[in-house]
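Okay, structure first, notes after.
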Amino acid sequence: MPHKFYHGKTGIVYNVTKSSVGVIINKQVGNRYIEKRVNLRVEHVKHSKCRLEFLNRVKANAAAKAAAKAKGEHINVKRQPLQPRTAHYVSSKNNAPITVAPIPYEALV
């Protein structure tokens, strides 16, 4: 396999020419990462969308802060981890309990 094959990763553009861009990509080789400089045509490069969610969240937080400041109250704009689901009862009226047992091993030779 050639040493400059398609990586499919996010890289950093370090050089721009009229028809291509130079991209720095970190490639894992064994237990280390090697910095590779790959020249790609512009048609094969697209912007990374990983920062787009962050920028949208910053705009939404700024709007929420401005609205809260106008009302004169405090707002928490920190992201919260997914909380446990609330407790609930499971009815066994039309849902009879099922005994679960392991399936015996069969040698299919």
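Results, tabulated for the structure shown:
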item	result
Search result, residues across the stretch 35-57 that are of a type in the set (Val, Ile, Thr) and either surrounded by fewer than 11 Cβ atoms within 10 Å (Cβ to Cβ) or touching a residue at least 24 places away in the same chain (Cβ under 8 Å) (or both)	Val38, Val45
Residue count for the stretch 25-55, restricted to those that are farther than 12 Å from Gly11 by Cα and charged (D, E, K, R)	6
Unmet requirement for His7, which otherwise passes all of (1) open to solvent by less than 100 Å² (accessible area, probe 1.4 Å); (2) out of contact with any Phe, Trp or Tyr (no Cβ under 6 Å at 6 or more places or on another chain); (3) modelled with pLDDT of 90 or more	(3)
Hits in the stretch 96-107 - residues which are open to solvent by less than 100 Å² (accessible area, probe 1.4 Å) and modelled with pLDDT under 90	Ala96, Pro104, Ala107
Search result, residues across the stretch 47-75 that are small (Gly, Ala, Ser) and closer than 30 Å to Val23 by Cβ	Ser48
Residue match in the stretch 83-94 (condition: of a type in the set (Phe, Trp, Tyr) and open to solvent by 100 Å² or more (accessible area, probe 1.4 Å))	yes
Scan of the stretch 80-101 for residues that are within 32 Å of the chain's Cα centre (by Cα) and over 30 Å from Asn61 (Cα atoms), ordered by number	Ala87, His88
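The values are calculated or read from the model by the stated rules, or taken from the named source; none is laboratory data. All values reported here derive from a predicted model rather than from experimental measurement. Backbone-built Cβ (ideal geometry, glycine too); neighbour counts: all protein chains shown. Accessible surface areas use protein heavy atoms only, side chains included; no ligands, DNA or RNA. Shrake-Rupley method; radii C 1.70, N 1.55, O 1.52, S 1.80 Å.
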